[in-house]
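Colleague: There's a structure below that I have some questions on.
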Amino acid sequence: MSGPAYRSYQSNVLIKEKLNNLRKDLRSAKEMDSVFNTIIKRLEQDNEDWGPSEGLNNCSISNDAVGALEKLGFTLLKHQNFVLTLDIDKNTMMYCATEHLRMQGVFWGLCAMDLLGMKEMMPLDDIVAWVKECYHPEDGGFGGNVYHDSHMLYTQHAIYILALCDALDWVDHNRVAFFIKDLQQGDGSFAGDKWGEVDTRFTYCALAALAVLDRLDAVDLPKANRFIVSCRNFDGGFGAVPDAESHAGYIFTCVGALSIGGGLDLISKQDWDVLAWWLCERQCDSGGLNGRPEKQADVCYSWWVLSSLSVLQRVDWISKSRLMDYILNCQDPDTGGISDRPDCVGDVYHTFFGLCGLSLLGFFRKHEKNTGFVVNSIDPVFALPRYVTKKLGLRSDKV
Ligand code: ZN
């Protein structure tokens, strides 16, 4: 399917279904009824114009596989529906409040669908066209949305989206590498943008994006590694800057940056084990993982903690089955998607990192034979599907 379609045929079918359900609930509000009618007519017209998408027809996931996964407590079709209809509620407070984060949101949704083997159901051409609009050729960076200034976080996510859409050739790799290099500071750290805030997240984003562009040579890697090591604390963890409190999110960015930058051996094996202990102590009574001592468990730490343990080759130090149960309990039974904790509303961020957690725990692989459902497994360092890191020849180290 080609053309100006922003939503695929399949997502229109789902939107129509959702709107029809909403209309039933709001039967008394005549005005709303006519609004829904107009939208539904428009969607029907669009689908007549475009016809069924190839993605829908080529979707190789059988009803048997869907049923087998549901028996295991994984609601595949609800998650698919959740991601495909993400962009329809543009009038909600959440949509407006997260406008500046759109680049990351699109990546999380797209990559979640890719892990589930459903990427082709996304409007890939339109996503690439939108990413191009967020590019600033004058400095080589990408903003979080159209008309937003360039920033390291969004530049990495834009490069990742282009990689997922097989569209990396479109961008001038040297120009983007220059944007990133320009943000490296004298101490090896990276600022997020021209305003100069420094944070270990930006080092990870810089190195991950440069690796994808095959331009790691553009920055001073030994200095970047030394800065990360300077952010290590006595408990084995890492913070956002030197002397900042250890936090699982920052630990992932620091371990990931050292893994990409070839700096893991700057820390002794004994000291890495101190970190592994700190990480496995993040498992709470609920089976979920928290990000710091005394905090509640949250699905996203399934990723930050597990990916770090994976680089340290210590995933077996936590109870995998209890964590799997925790993530499955965080699925939203009504709308699909995964939330931060049980009985909360699903969102795209926790949906993506929950799926990544299930992938790293081997949930899908374990049941591959009886479900017939094969996911694209996630790379624990790059947070990209392994087939993508393989295709790009990306390298990362383990302890
Ligand atoms: Zn979270």
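All of the numbers you see were taken from the coordinates with simple rules; none came from a lab. Here the structure is a predicted model, which is why all the values come from computation and not from measurement. Glycine gets a Cβ as well: all are built from the backbone with ideal geometry, and neighbour counts include every protein chain shown.
Colleague: Based on the mean of other Cβ atoms within 10 Å per residue, sort peptides 241-252, 386-397 so the most packed one is first.
Modeller: Details: 241-252: 19.6, 386-397: 15.0.
The most tightly packed comes first, giving 241-252, 386-397.
Colleague: Give me the tail of P(r) for segment 232-391 as a percent: Cα-Cα pairs with distance above 19 Å.
Modeller: 54
Colleague: How much length would be gained if the chain were fully extended between residue 369 and residue 138, taking 0.36 nm per residue of separation minus their Cα-Cα distance, in nm to one decimal?
Modeller: Using 0.36 nm per residue and subtracting the Cα-Cα distance, I get 78.0 nm.
Colleague: Distance in nm between label sites at residue 214 and residue 285, each 7 Å beyond Cα in the beta-carbon direction?
Modeller: Between residue 214 and residue 285, the simple spin-label model gives 5.4 nm.
Colleague: What's the extension gain from residue 387 to residue 149 if we count 0.36 nm per residue and subtract their Cα-Cα distance?
Modeller: 82.5 nm
Colleague: Between residue 344 and residue 230, what's the calculated FRET efficiency when r is the beta-carbon distance and R0 is 25 Å? Round to 0.05.
Modeller: On the way: r = 37 Å, r/R0 = 1.47.
Efficiency at R0 = 25 Å is approximately 0.10.
Colleague: How much net charge surrounds residue 140 when only the other residues with a Cβ under 9 Å from the Cβ of residue 140 are counted, with Lys and Arg +1 and Asp and Glu -1?
Modeller: Surrounding charge for residue 140 is -3.
Colleague: I want to check the label-to-label distance for residue 64 and residue 268. Put each point 7 Å from Cα in the C-beta direction and report it in nm to one decimal.
Modeller: Between residue 64 and residue 268, the simple spin-label model gives 5.6 nm.
Colleague: Treat each spin label as a single point 7 Å out from the Cα along the C-beta direction, and report the residue 182 to residue 243 distance in nm.
Modeller: 3.2
Colleague: Same structure again: A 23 angstrom limit on the alpha carbon distance is what I want to check against. Which of 223/269; 119/295; 223/391 exceed it?
Modeller: 119/295; 223/391
Colleague: Quote the FRET efficiency, to the nearest 0.05, computed for residue 223 versus residue 292 with a Förster distance R0 of 41 Å and r equal to the Cβ-Cβ distance.
Modeller: That pair, residue 223 with residue 292, gives E of 0.90.
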